[in-house]
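Asks: This is the structure I have questions about; it appears just below.
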Amino acid sequence: MRIRVPLAVAVLVRLTVAAPLAAQRPDTRTDTARIAPVVVTATSTPIALDRVPASVTVLDGAMLRAEGLTHIADALRQVPGMAVVQSGSFGAPTALFTRGAQSNYTKVLVDGVPVNDPGGALDLGLLTLDDVERIEIVRGPTSVLYGSDAVAGVIQIFTRRAAARPRGSVDARGGSYSTYDVDASADLPLGGGGISVGEGHHASNGIYEFNSRYRNDVGNATLTYSPWSGARLTGTGRYTDAIAHFPTDFTGAPIDPNAYRTEKRTLFGAELEQRFSRARASLGLTSNLANDASIDPPNASGDIGSSLATRTLRQAADLRVAVPLPSALTLTVGGSAERQHQAGPEYDRRNAATYVELVRSAGLTTATVGARLDHSGTFGDFGTYRVSASRVLPAAFRARASIGTAFREPSFFESFDTPFSVANPDLRPEHTTSWEAGLEHEIASGAVTLGATYFHQRFVDLIDYRFNGAASRYENIALARAAGTEVELRLAPISGVSGDASYTWLDTKVLRAGFDPTPLAVLAQGGPLLRRPKHSASAGLRYDLPSGIAVTARATYVGKRADHLFHGAPTFDTEAVTLDPYTKLDLSLALPLRSVWSGLTPVAATIRADNVTGTRYQSVAGYATPGRMILAGLRASF
C-alpha cells in the first residue's frame, strides 16, 4: 500500500529532524507571567502547549464555571472545529461533530476513563462541568494512543486534585425556566497527597410547556497518595444520576405527556506511576458502568407503552513504560486489554492492543512517530500510525504538521445479531487518513497569538444498514471527506483584559453513497454531511477589574447547515431543509460582596444571561431551543 504524504508535512518533518541544532537561534524573550500549560493528552510525553505538534485547545474549568457554564457541551461550542447539536431542552441527546466527522468519531475521557459506549456512541447532554479542573481538546487522529473512536479527536476532562491546604467553595443560582444549580467542592491535604470531593445538582422545568423537567446529580472524588519512594497513586470516581423528560416525538413536536430517559453512570479510574532513575512506568485501570433507560408509559387507558433498558460495562487496563534515550528522545511502549459487555440485549467483546511512540523534544523542535496494532474479538487486527512535528521559526513563528490514521470499531448493534439485523462477520472498522498543517505567530512577546490550520480527512468504509428482509445487516459501503481551515486568536491577560476568537470554514462531501439511493439519504451521493455548518465562529472577552468585578461576553455564530425535517401523520415523509444561520450572545458578571460582609467568607454575586438578544434558531430541524435565559446567585469560597 502506497502512502502519499502531503508536501507540507514531509518538508516540515525533514526540517525538524535534519536541521542541525547548532544552527538554531532560540528566541530568548520570555515572560514568566505567560508560561504555557503542559498538555498530557496529545502525546505519550507531557509537552508545553506552545510546543505540541497537534491542534490543541485547553479550557480552564474554574473560568468556565465563573462564566456560569454548567455542561461540557456548552464549553465546547467555543472550540474551533467543533459543532454541538442538541435535540431540544436541557438534558436532551447532544451530539458533537469534530471537524465535520461523524458524531461517534470523538473519544471523551474523564480522568482517563472512556465515556463513549462501545462503537463510539456519545451523548454529551448529561456531562457536566462539576469539579472539572481543565479540559484538553486534541483535534486530529489519535488512535495511536487511544485506540478506537479517536478518529477526529480526543477530549480529556481532568477533575480537580487536592490543594496544598484545605479549601472549599459553594456556588448556587437560579432563574429562567425554574432552573437552579448548586455546585460544592472541598479539598483536604493528606500525607503528601490529598482528597478532593465535589457535588453538583442541576434541575429545570425545561423549555416546553409540559413534560420537560430535567434533573442531574453528580458526585466526584479524587485521591492522590505516595505509597513509597518514587511512586504516585491516583484514584478517581464520578457518579451521575440523571433524568430528562421529553414531550417530543421523532418530528420534534411536543405531544407526549410522560416520556423520559434516565442515566446512572459510574466511572472509576486508578493509576499507579513508578519513577526510576530515568525511566517511568504506569499502570492504569478504568471502569465505565452505564445503566440507561428510555421509558414511554401509556398516555391513556388502552394505549401501549414502551421501555428499553441497557446496562453497558467497559473495563480496561493499560500498561506503559517511557524510557529516555540519547538525543533528547523518549521511547514509550505500551499495551492494553479491554472487556466490553452489554446486557439487555446481551453482547460481549474482548479487545487488546500494543503501541509505541517515539518523541523528540529539544530546543525549538518537537517531533513524534507512533504506531499501534489493535486486535478485536469481532473484526480482527487493525493498525494505525501517526507522524507529527512542530518547530519554532524566526520572528516568533511556529509551524506544525501531522499525518495519521485512526479507526472506529463497529458498535454492538452493527457487529452482532439483533431483532432487525444479522451479524456480518466481514464487517470492518470505519477508518480515516487525516493530515493537517498549521502556522502560529506570537505578537508583542506572546501577548497575542494568531494561528491558522488547514486539515483534510477522508472517511473510509463507513457502515450503513442494508435492508434485505430477514437477511438485513450492516455493511461497509460509504466514503466521505471533510476538509477545512481553523483560524484562532488568543489574547493573554493584559491589564485585566483577556480574550479569544476563532473561525472555522468546513467543507464536507459524501464521495460514495450508502444503500439509500435517494437525495434524502443520510449519506446521499455528492451531498454534504448533515448538521455541519460550513461557517462557524466564536469570540469571547473577559475583563477583571482590580476591585474583583469580572465581566465576560461571548458571541457564537453558526452558519447554514443541511438537515432533514421529518413529518408525522398522515404523510410520514422527509423533507430536505437548510437551517438558518444564527448568532447568540451570552453575558456574565461576578460582583464581590466583601465590602458588605467585611471579615466573612469571600462571597460574590453572579449573574448570567444566555441568548440576551432572544435569537430564534434551531439546532436540529423541528426541535425547539432555549430563548433568553437569566440566572442569578451567590458564590462563596473558604
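Asks: How big is the charge dipole of segment 217-324 about its Cα centre, in debye rounded to the nearest 20, if each Lys and Arg gets +1 on its Cβ and each Asp and Glu gets -1 on its Cβ? Please list the in-between numbers first.
Replies: Values: 11 positive and 11 negative charges, 198 e Å.
That gives a dipole near 960 debye.
Asks: I would also like to ask the following. Report Rg (one decimal) and Dmax (nearest whole number) for segment 49-206, counting Cα atoms only, units Å.
Replies: Over segment 49-206's Cα set, Rg and Dmax evaluate to 16.5, 47 Å.
Asks: Where q = 0.16, 0.31 Å⁻¹, what log10 of I(q)/I(0) comes from the Debye formula for segment 63-113, counting one point per Cα?
Replies: With no solvent term, the Cα-only Debye profile gives -0.53, -1.23.
Asks: Against the 2.2 N^0.38 Å scaling, with N counting residues, where does segment 497-550 land? I'd like the Cα-based Rg ratio to two decimal places. Could you put the intermediate results ahead of the total?
Replies: On the way: Rg = 20.3 Å, N = 54, 2.2 N^0.38 = 10.0 Å.
My calculation over the Cα atoms of segment 497-550 gives 2.03.
Asks: Test of understanding: given the chain, find the longest segment containing no GluC sites (Glu not before Pro) that are in a DSSP loop and have at most 10 other Cβ atoms within 10 Å. Working shown, then result.
Replies: Working: sites that count: E209, E346.
The reported range is 347-638.
Asks: Semi-axes, largest first, in whole Å: what does sqrt of 5 times each Cα gyration tensor eigenvalue give for segment 150-247? Kindly include the intermediate steps, with their values, before the conclusion.
Replies: Numbers: eigenvalues 238, 63, 19 Å².
The answer is 35, 18, 10 Å, longest axis first.
Asks: Now a separate question. Apply 1/(1 + (r/R0)^6) to the Cβ-Cβ distance of T310 and R466, taking R0 = 30 Å, and write down the FRET efficiency to the nearest 0.05. Don't skip to the end; give the middle numbers.
Replies: Numbers: r = 24 Å, r/R0 = 0.81.
The calculated FRET efficiency here is 0.80.
Asks: Could you work out the helix-only [θ] at 222 nm for the chain, with each DSSP H run of four or more residues adding -39,500 (n - 2.57) and the total divided by the number of residues, to the nearest 500 deg cm²/dmol?
Replies: On the way: 5 runs with 31 residues, N = 638.
About -1000 deg cm²/dmol.
Asks: Go through K560/K584; K509/K560; K264/K584 and tell me which ones have a Cα-Cα distance over 26 Å in this structure. Let's see the in-between values first.
Replies: On the way: K560/K584 14 Å; K509/K560 15 Å; K264/K584 32 Å.
Over 26 Å apart, Cα to Cα: K264/K584.
Asks: Please report the relative contact order for segment 118-174, taking Cα pairs under 8 Å with a sequence separation of at least 6, and give it as a percent rounded to a whole number. Display every interim value, and only then the final one.
Replies: Working: 50 pairs, mean separation 18.7, N = 57.
RCO, segment 118-174: 33 percent.
Asks: Note down the relative contact order for the chain as a percent, whole number, built from C-alpha pairs under 8 angstrom at least six residues apart. Display every interim value, and only then the final one.
Replies: On the way: 1805 pairs, mean separation 75.1, N = 638.
Relative contact order for the chain comes out at 12 percent.
Asks: Using the Cα centre of the chain as the reference point, and only Cβ charges (+1 on K/R, -1 on D/E), how large is the resulting charge dipole? Debye, rounded to the nearest 20. Spell out each step's value before the answer.
Replies: Numbers: 62 positive and 60 negative charges, 428 e Å.
In total the dipole reaches around 2060 debye.
Asks: Convex hull over the alpha-carbon atoms of segment 485-581: what's its volume per residue in Å³? Before the final figure, lay out the partial values.
Replies: Working: hull volume 11.8 nm³, N = 97.
That works out to 122 Å³ per residue.
Asks: State the Kirkwood hydrodynamic radius of segment 332-490 in Å, one decimal place, computed from all pairs of distinct Cα atoms. Before the final figure, lay out the partial values.
Replies: On the way: mean 1/r = 0.0534 Å⁻¹.
Taking every pair of different Cα atoms in segment 332-490, averaging 1/r and inverting gives 18.7 Å.
Asks: I've got another one for you. If every alpha-carbon in the chain counts as one equal scatterer, what log10 I(q)/I(0) does Debye give at q = 0.08, 0.09, 0.10 1/Å?
Replies: With no solvent term, the Cα-only Debye profile gives -0.60, -0.77, -0.97.
Asks: Within the chain, what's the longest run with no trypsin sites (Lys or Arg not before Pro) in a DSSP loop and at most 15 other beta-carbon atoms within 10 Å? Give the range, please.
Replies: Values: sites that count: R2, R4, R29, R34, R278, K560, R594, R616, R628.
With trypsin sites (Lys or Arg not before Pro) excluded where exposed in loops, the chain gives 279-559 as its longest stretch.
Asks: What share of Cα pairs, in percent, lie more than 26 angstrom apart in segment 400-514? Show your work: numbers first, answer last.
Replies: Working: 2960 of 6555 pairs.
Percent of Cα pairs beyond 26 Å in segment 400-514: 45.
Asks: Here is a further query. In percent, how large is the relative contact order of segment 99-209, given Cα pairs closer than 8 Å and 6 or more residues apart?
Replies: Working: 211 pairs, mean separation 25.1, N = 111.
So the answer I get is 23 percent.
Asks: Using only the alpha carbons of segment 230-296, determine the length spanned along each of the three principal axes and report them from longest to shortest in whole angstroms.
Replies: Extents along the principal axes: 66, 19, 10 Å.
Asks: Please work out how much length the chain gains when fully extended from A396 to L545, using 0.36 nm per residue of separation minus the C-alpha to C-alpha distance, in nm with one decimal.
Replies: Gain in length upon complete extension: 50.6 nm.
Asks: A further question on this structure: Out of every Cα-Cα pair in segment 312-392, what percent are more than 15 Å apart?
Replies: Numbers: 2110 of 3240 pairs.
Considering segment 312-392, 65 percent of its Cα-Cα pairs are separated by more than 15 Å.
Every number in this text was worked out from the coordinates using simple rules, so none of it is lab data. Because the structure is predicted, anything quoted here is derived from the model rather than measured. With ideal geometry, Cβ positions are generated from the backbone for all residues, glycine too; neighbour counts draw on all protein chains shown.
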